[in-house]
Structures are given as C-alpha cells and as structure tokens.
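Each reported figure results from applying straightforward, stated rules to the coordinates on display, with no laboratory input. Since this is a predicted model, take the numbers as computed values, not measurements. Cβ sites come from the backbone with ideal geometry, for glycine too, and all protein chains shown count toward neighbours.
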Amino acid sequence: MRILVVEDEPKVASFIRRALEEESYAVDVCADGQQGLDWAQSIDYDLIVLDLMLPGIPGLELLKQIRKAGVKTPVMILTARSEVDQRVKGLDAGADDYLTKPFAIEELLARARALLRRAGGVPSGILEVSDLVLNPVTREVTRGDQRIELTTKEYALLEYLMRNAGRVLTRPMITEHVWDLDFDTFTNVIDVYISYLRNKIDRGREQSLIQTVRGSGYVMRSDP
C-alpha cells in the first residue's frame with residue numbers, strides 16, 4: 001500500500017515515515033500544501049495522512065479540493081488542533097479520521113490499518129487466496145500449515161497482489177503502490193521480487209497462485 005504524508009514539521013514527518021515503512025508501506029512525504037495537492041490528484045494513493053497547518057495551501061482547503069476533484073482516497077487528518085469544531089470541519093470536508101498531536105504511533109498505525117481495511121472492503125483485515133493467508137496486523141503469512149518468512153518489500157508486494165486477487169496488475173500499477181517516487185522504473189526489480197515470492201509461495205506446490213499475464217503483468221488467483 002502506498003501512503004502520502006503531508007506534514008511540514010520535518011521531525012514529525014520523518015517519524016511517521018519510518019514507522020509506516022517498517023510496516024511495509026511505500027511512503028511519499030511532502031511539506032507543502034500545493035505539492036500535496038498535486039501529488040494527491042496525480043498519484044493513486046491508498047491513504048493520505050494530512051496535517052492542517054501547512055504552507056501554501058492549508059490542509060482543510062487541500063482536502064476540499066481533492067474531494068471536489070473526485071479523489072476518494074481515505075484521508076486521516078493529523079493536527080495539534082483538538083477543538084471539537086475543528087474536528088467537525090475536517091470530517092465535514094471529507095476526512096475519514098482525525099488524530100490529534102501528540103499521538104502514539106501505535107494508534108496512528110492502527111487507524112491507518114482500519115482505513116485501509118475499510119477502503120479495501122475486507123472488514124476482518126485477513127486476506128485469503130486459496131490456502132494462502134496474510135494477516136496485516138501481525139504480518140504473519142502462511143500457506144497451508146507452513147509459515148512463510150518474507151522481507152519487508154516481499155511482504156508489501158504480496159499484500160498488494162492479495163488485496164487485488166483476480167485483477168491483472170501491470171508493472172506501472174505495482175510500482176505506484178509498492179515503491180515510492182524514488183523508484184527507478186527502468187530496472188527489472190519488480191520481476192525479481194515476483195520471482196522471490198514465487199519461490200516462497202508457489203515452489204513445490206501443485207497450485208501456483210502468482211501467474212504471469214503475457215504482455216500485461218501479474219495476477220494472483222487460485223484458478224489455473
């Protein structure tokens with residue numbers, strides 16, 4: 001999953017970014033309201049964490065503009081302003097959640113997982129394709145009775161494939177959701193990581209779940 005953090009306090013932004021990346025999310029960070037608006041409208045994010053007090057375009061105005069433009073990405077407002085009327089304004093403008101500073105990073109991560117579950121239509125959060133099971137909370141992956149150990153990026157790629165089971169995912173789509181803006185699109189890294197996953201998920205099994213769609217990309221499905 002790919003998350004945009006719009007936060008102008010460098011220490012706070014860095015803190016949030018590290019925590020999210022440790023949970024296998026691809027994270028882009030910007031400190032200016034105008035840049036946040038541009039990225040939110042041009043990149044398909046899974047979640048936006050938005051501060052209200054921003055240079056350029058204030059966070060509340062940014063939120064109104066992306067909603068007016070038809071962007072349906074879940075938005076979590078993160079701000080030091082805790083007044084009830086401010087929370088009401090944020091939620092009425094189109095925010096999906098509201099967290100005040102100072103905050104516990106564990107709560108921010110839990111709220112992020114909840115918003116992503118809601119957006120993905122998986123209430124329990126548990127992802128299943130055939131006998132492959134992924135738990136986003138514990139980050140445990142099993143196939144049958146075997147536990148599968150994955151690196152951070154392997155896990156992020158697998159989660160994206162499973163959240164979109166049955167849907168053909170092109171390389172640009174995978175790049176947008178699993179890698180950040182610094183990713184070199186001219187490399188074969190995606191194919192390499194698909195190979196890593198196949199060795200851990202499908203190797204030695206009768207049923208291959210990660211399938212190649214020639215000329216298009218990859219799809220995860222239980223049928224041949």
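In terms of other Cβ atoms within 10 Å, 52, 109 run from fewest to most in the order 109, 52. At a Förster distance of 25 Å, what's the computed FRET efficiency of residue 145 paired with residue 208, Cβ-Cβ distance as r, to 0.05? Here the calculated transfer efficiency is 0.85.
Only lysine pairs 8 or more places apart or on separate chains count here, and in the chain those with Cα atoms under 15 Å apart total 4. Dipole size of the chain about its Cα centre, with +1 on Lys/Arg Cβ and -1 on Asp/Glu Cβ: approximately 540 debye, rounded to the nearest 20.
Going by a ≥ b ≥ c, the root eigenvalues of the Cα gyration tensor, does region 2-120 fall in the rounded group (a/c under 1.5), the prolate group (a/b larger than b/c) or the oblate group? Rounded.
Put simply, the chain fits an ellipsoid with semi-axes of 33, 18, 15 Å; these come from the alpha carbon gyration tensor as the roots of five times its eigenvalues, largest first. Shown here are the Rg and Dmax of the Cα trace of region 127-220, at 12.8, 38 Å. Taking Cα centroids, how far is region 210-224 from region 138-154 in Å? Here the two parts' Cα centres lie 20 Å apart.
A Förster radius of 35 Å, combined with the Cβ-Cβ distance separating residue 87 from residue 19, puts the computed FRET efficiency at roughly 0.95.
Dividing the helix sum by the residues of the chain, where each DSSP H run of 4 or more adds -39500 (n - 2.57), gives a mean residue ellipticity at 222 nm of -12500 deg cm²/dmol.
For the chain, relative contact order (Cα pairs under 8 Å, six or more residues apart, normalised by length) works out to 17 percent.
Dipole of the chain computed with +1 at Lys/Arg Cβ and -1 at Asp/Glu Cβ about the Cα centre; of 57, 119, 152, farthest Cα towards the positive end is 119.
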